[in-house]
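J.: If you scroll down you'll find the structure; I have some questions about it.
Nothing in this text is a laboratory measurement; each read-out follows from the coordinates by a stated rule. Bear in mind that the values here come from a model prediction, so they are computed numbers and not experimental data. Neighbour counts run over all protein chains shown; Cβ positions are idealised from the backbone, glycine included.
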Amino acid sequence: MSEMDSRSRILDAALDEFAAVGFAGARVDTIARLAGCNKQLIYHYFKDKNGLYEAVIERAMSSRPPIDFSSREPMGDQCTRVFEELMPKRQRWLRLLMWEALSIEDRELPAEKIRKEHAAQSIDDVKKAQDRGILTSEFEAPYIMLAMMSMCMYVFAFPQLVRVITGRSVADPEFRRNYLQVIRRMARTFLKEPPSAA
């Protein structure tokens with residue numbers, strides 16, 4: 001197995017473990033077992049658990065944000081796509097962020113620099129879309145970005161509230177159909193000239 005394959009398997013296993021029990025609860029020997037390697041290899045590649053955690057974050061940040069404000073794809077379609085991707089593909093990442101929220105609070109985040117760079121890229125894309133007259137300038141760019149992310153992520157972060165409020169689970173096709181209608185309508189709020197409802 002190549003070094004790239006080994007690192008990838010370790011990072012996948014680490015994301016599983018950090019998402020399941022948080023940074024404090026994660027154990028390097030568990031990650032090694034999940035990755036099918038020994039602890040020494042993890043220490044060789046990443047030095048320690050902190051280095052491994054930062055590498056997990058950096059890999060997640062290496063791709064474009066899920067909502068691409070520079071894209072020509074309609075905003076409502078993007079939100080629908082991101083919502084549909086969150087359940088199968090991004091649940092581990094969301095759980096990791098929730099663990100962080102419980103434990104880190106206002107302290108500096110691991111790999112905070114790259115996260116800020118990632119956020120700045122999206123904010124700049126929003127500003128460019130505002131300059132081109134695609135998105136409204138009524139709201140500041142960071143808040144548009146935050147609102148769009150929140151609409152897509154909230155129900156996956158708090159599935160128990162979804163059930164209490166709607167009587168349905170997030171996985172229920174009826175819930176997803178109804179909520180996606182809401183997301184698409186709300187996304188149009190940020191357009192310069194929202195299209196009239198069909």
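J.: Note down the relative contact order for the chain as a percent, whole number, built from C-alpha pairs under 8 angstrom at least six residues apart.
T.: Value for the chain: 23 percent.
J.: Measure nothing fancy, just the Cα-based angle from helix 173-188's long axis to the longest principal axis of the chain, in degrees from 0 to 90, nearest 10.
T.: Approximately 60 degrees, to the nearest ten.
J.: How big is the gap, in Å, between the Cα center of segment 127-159 and the Cα center of segment 1-56?
T.: Segment 127-159 and segment 1-56 have Cα centres separated by 33 Å.
J.: Under a 5 Å amide H to amide H cut-off, with H placed in plane at 1.01 Å, what residues pair with Leu135 once short-range neighbours are removed?
T.: The answer is Gln130, Lys192.
J.: On to the next question. Kindly write out, for segment 100-105 in residue order, the coupling ³J(HN,Hα) from the Karplus curve 6.51 cos²θ - 1.76 cosθ + 1.60 (θ = phi - 60°), rounded to whole Hz, with x marking Gly and Pro.
T.: Each residue's phi maps through the Karplus curve to give 4, 4, 6, 10, 8, 6 Hz.
J.: Continuing with the same structure: Using Rg and Dmax of the Cα atoms in Å as the read-out, say which of [x] 16.8, 53; [y] 19.1, 60; [z] 17.5, 59 was calculated from these coordinates.
T.: Here the calculated entry is [y].
J.: Explain nothing, just the number: dipole magnitude of segment 101-198 about its Cα centre with +1 on each Lys and Arg Cβ and -1 on each Asp and Glu Cβ, in debye rounded to the nearest 20.
T.: Computed charge dipole of segment 101-198: roughly 420 debye.
J.: Then there is this: Could you give the nm distance between label points at Lys113 and Phe139, where each point is 7 Å from its Cα heading toward the beta carbon?
T.: 3.2 nm
J.: Have a look at Ile123, Met98, Ala141 and report the one farthest towards the positive end of the charge dipole of segment 92-143, computed about the Cα centre with Cβ charges (Lys/Arg +1, Asp/Glu -1).
T.: Final value for the positive-end residue is Met98.
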